[in-house]
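The values are calculated or read from the model by the stated rules, or taken from the named source; none is laboratory data. Note that this is a predicted model, so its numbers are computed, not measured. Quick reminder, even Gly has a Cβ in these numbers, built from the backbone with ideal geometry, and neighbours come from all protein chains shown.
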Amino acid sequence: MGVGSVGAVLAAYALLVRPWHLRWGATDDELQQRLPGDEVVPYSKHEATHAITINATVAEVWPWLTQIGQTRGGFYSYTGLENLVGCEMHNADRVVPEWQDLRVGDVVWLHPKAPPLPVIIVEPFKAIVLGDNFGTWGLFLKAIDGKTTRLRVRTRWDRKPGILDWVSKYILLEPSHFIMERKMMLGIKQRAEALHKHLEASSSTEAHEDTRHENVFVKSASSTAR
């Protein structure tokens, strides 16, 4: 591939692909809206806001967020790719009550040998923000109606001066982060919608013993979220 071709590819990425993936699924209003944690990195050089609509209640989506983490329920993304780099990731397909008590000051592991992300904001049924004053990663829920929820994920980070940091952040980290995060959001949607259908079906029949505790937790959470 010649210099001209490389330049054309980079130009296409910068002008077309990058603007698309930085705002995947998000509306103009969602891009402009201030969210909890934005103030932690007030002058970030990078911001991505992704969004997806989930056909489930806030209370049915929230448990999947609180149990994310390498030592907990995983990230619902491409575990094959994660485990290629030693993440030892396992995605949960059920709500685990022991993983629901997420608090400020806790940490969320991404890799067994990498420093974990501290939990800096928890607003039950609304927001979870991880990170520090160099970068934040937040997950936010908003009810659209009684059976539909909007999930937004916002990443903000600063970067160090220099071409190497620029290349690592904009050419390598941004696209790979988007690919994994998009899959995570689709994974949350799939799990929450399956749980919603299960709870609707079980509302008129006795739930199976293996899912009884999960149902009790989410139904209790539904009352609290209201």
Q) Which of the residues belonging to the stretch 22-57 are closer than 20 Å to Phe134 by Cβ, touching a helix residue (DSSP H, G or I) at 6+ places or on another chain (Cβ under 8 Å) and crowded, with 16+ Cβ neighbours inside 10 Å? A) Leu22, His46, Ala48, Thr49
Q | Residue selected from the stretch 163-201 under the condition of a type in the set (Gly, Ala, Ser) and more than 19 Å from Tyr13 (Cα to Cα), by the criterion surrounded by the fewest Cβ atoms within 10 Å (Cβ to Cβ) | A | Ala201
Q: Name the one entry in Glu30, Glu60, Glu98 that is in contact with a strand residue (DSSP E or B) (Cβ under 6 Å, 6 or more places away or on another chain), among the acidic types (Asp, Glu), closer than 30 Å to Lys147 by Cβ and at pLDDT 95 or above.
A: Glu30
Q: Tell me which residues, restricted to the stretch 61-91, are over 15 Å from Met185 (Cβ atoms) and touching a residue at least 60 places away in the same chain (Cβ under 8 Å).
A: Pro63, Thr66, Leu81, Glu82
Q. How many residues are at pLDDT 95 or above and more than 21 Å from Arg182 (Cβ to Cβ) when one looks only at the stretch 40-57?
A. 2
**Q.** Which listed residue, of Leu141, Leu186, is touching a helix residue (DSSP H, G or I) at 6+ places or on another chain (Cβ under 6 Å) and either among the basic types (Lys, Arg) or at pLDDT 95 or above (or both)
**A.** Leu141
Q: From the list Leu81, Leu110, Leu16, pick out the single residue that is out of contact with any strand residue (DSSP E or B) (no Cβ under 6 Å at 6 or more places or on another chain), surrounded by fewer than 12 Cβ atoms within 10 Å (Cβ to Cβ) and either at pLDDT 95 or above or among the aliphatic types (A, V, I, L, M) (or both).
A: Leu16
Q: Identify, from the list Gly131, Gly86, the residue that is assigned to a loop (DSSP other than H, G, I, E, B) and not basic (Lys, Arg).
A: Gly86
Q | The one condition in (1) part of a helix (DSSP H, G or I); (2) surrounded by fewer than 16 Cβ atoms within 10 Å (Cβ to Cβ); (3) modelled with pLDDT under 65 that Glu206 fails to fulfil | A | (1)
Q: Specify which of the listed residues (Leu110, Leu65) is hydrophobic (A, V, I, L, M, F, W, C) and assigned to a loop (DSSP other than H, G, I, E, B).
A: Leu110
